[in-house]
Amino acid sequence: MTRSIASWLNEACEQLRQCDDNFRRDAETLLSWVLGKNRVYLFTWPEKMLTQEQENKLAESLVRRLKGEPVAYIIGEQEFWSMPFYVNRHTLIPRPDTEVIVEQALKHLPPDSRVLDLGTGSGAIALAVAKERRDCRIDAVDFSEQAIEQATKNRDRHCLENVSIYQSHWYQSVSGSFDLIVSNPPYIDAEDEHLSKGGLSYEPYSALVAEDNGLADIQHIVNEGQKYLNRHSWLMVEHGWQQKDAVQDIFIKAGYHRVTSVQDYGGNDRVTLGQNSE
Ligand SMILES: C[S@@+](CC[C@H](N)C(=O)[O-])C[C@H]1O[C@@H](n2cnc3c(N)ncnc32)[C@H](O)[C@@H]1O
């Protein structure tokens, strides 16, 4: 027996409300995805009956969500910078807070620039910048083959021909110099208790965790950065909300000028940037 749209939504909300703060939005997203329709459709046609196939797919999705799997992995997609991105278990789900680094990049980009995005994952930062600035050429790298595959699919989906995506262990396969380097590297400490909780446990460990209290990758990116930056060009990294002082220290010790940090929309220190002194 199948149910109507309204009845499935009510029952799904009842089940999800115990474990999911965004239970209504998540139930609607799953239903929209299975029906291949937008949210407006759900409220325009509440009495419409689901097919058995739709019921089965929804039942399977609901079980996955109830176990804690993020909706983005279930539906294979996440919106970032008002652009849809394909995501899977090999790529971090792009976060709204990461839009702060995109805003800072756009603010510091001279015309016809060359940009490097280190640890591109789904390609979120690189492709958002590329969309806004078609005059710029962007290199987006990641050491994960699966991330490169996903970022390439996203680039092709958005027809952004100004982005080159390739595999590299940080700067290892990168050549030339850049007018801006951006990175959202792994920055969580291996002992952080949040890693085993909620959605984080579904995301790739290598995208989240770094040695030295989460600072090892940031340290490497900042220390090596000046070799790849043009004169007076900027490097910016995303970091944890409690890492501002440590990250500023890394920039200053490495010899960057005008080191400063920017907060995310929740008022947490999120991005630190510095200018190449040479
Ligand atoms: C926090 S995720 C950021 C993904 C994406 N930039 C975003 O903001 O959604 C960090 C990314 O760095 C990549 N990464 C980790 N270690 C790396 C390394 N040694 N070289 C290159 N990329 C690396 C991971 O595969 C992952 O895609």
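The values are calculated or read from the model by the stated rules, or taken from the named source; none is laboratory data. The shown structure was predicted, so the numbers you read here are calculated from the model rather than taken from an experiment. Cβ coordinates were reconstructed from backbone atoms using ideal geometry, including for glycine residues, and neighbour counts include every protein chain displayed. Surface areas here come from the heavy atoms of the whole protein model, side chains and all, with no ligands, DNA or RNA. Shrake-Rupley method; radii C 1.70, N 1.55, O 1.52, S 1.80 Å.
Within region 66-98, the set of residues being of a type in the set (D, E, K, R), open to solvent by 40 Å² or more (accessible area, probe 1.4 Å) and more than 9 Å from the ligand (Cβ to nearest atom) comprises LYS67, GLU77, GLU79, ARG89, ASP97. Only one entry of GLN248, GLN242 meets the criterion of being of a type in the set (S, T, N, Q), assigned to a loop (DSSP other than H, G, I, E, B) and more than 13 Å from the ligand (Cβ to nearest atom), and that entry is GLN242.
Among the candidates SER173, SER233, SER206, SER201, the residue that is in contact with a Pro (Cβ under 8 Å, 6 or more places away or on another chain) and either more than 27 Å from ASP112 (Cα to Cα) or not in a helix (DSSP H, G or I) (or both) is uniquely SER206. Among the helices (runs of 4 or more DSSP H) confined to region 1-110, the ones with at least 3 residues that are in contact (Cβ under 8 Å) with a residue 24 or more places away in the chain are located at 5-16, 23-35, 52-66, 71-75, 99-107.
Only one entry in GLY214, GLY199 is within 15 Å of the ligand (Cβ to nearest atom), at pLDDT below 95 and open to solvent by less than 40 Å² (accessible area, probe 1.4 Å), namely GLY199.
Return a yes/no flag: does region 146-158 have any residue that is more than 13 Å from the ligand (Cβ to nearest atom), hydrophobic (A, V, I, L, M, F, W, C) and open to solvent by 10 Å² or more (accessible area, probe 1.4 Å). Taking every residue of region 146-158 in turn, none turns out to be more than 13 Å from the ligand (Cβ to nearest atom), hydrophobic (A, V, I, L, M, F, W, C) and open to solvent by 10 Å² or more (accessible area, probe 1.4 Å). For beta carbons closer than 6 Å, sequence separation of 6+ or different chains, a first residue in region 128-150 that is over 19 Å from PRO84 (Cβ atoms) and a second that is of a type in the set (Lys, Arg), the qualifying pairs are ARG137/ARG114.
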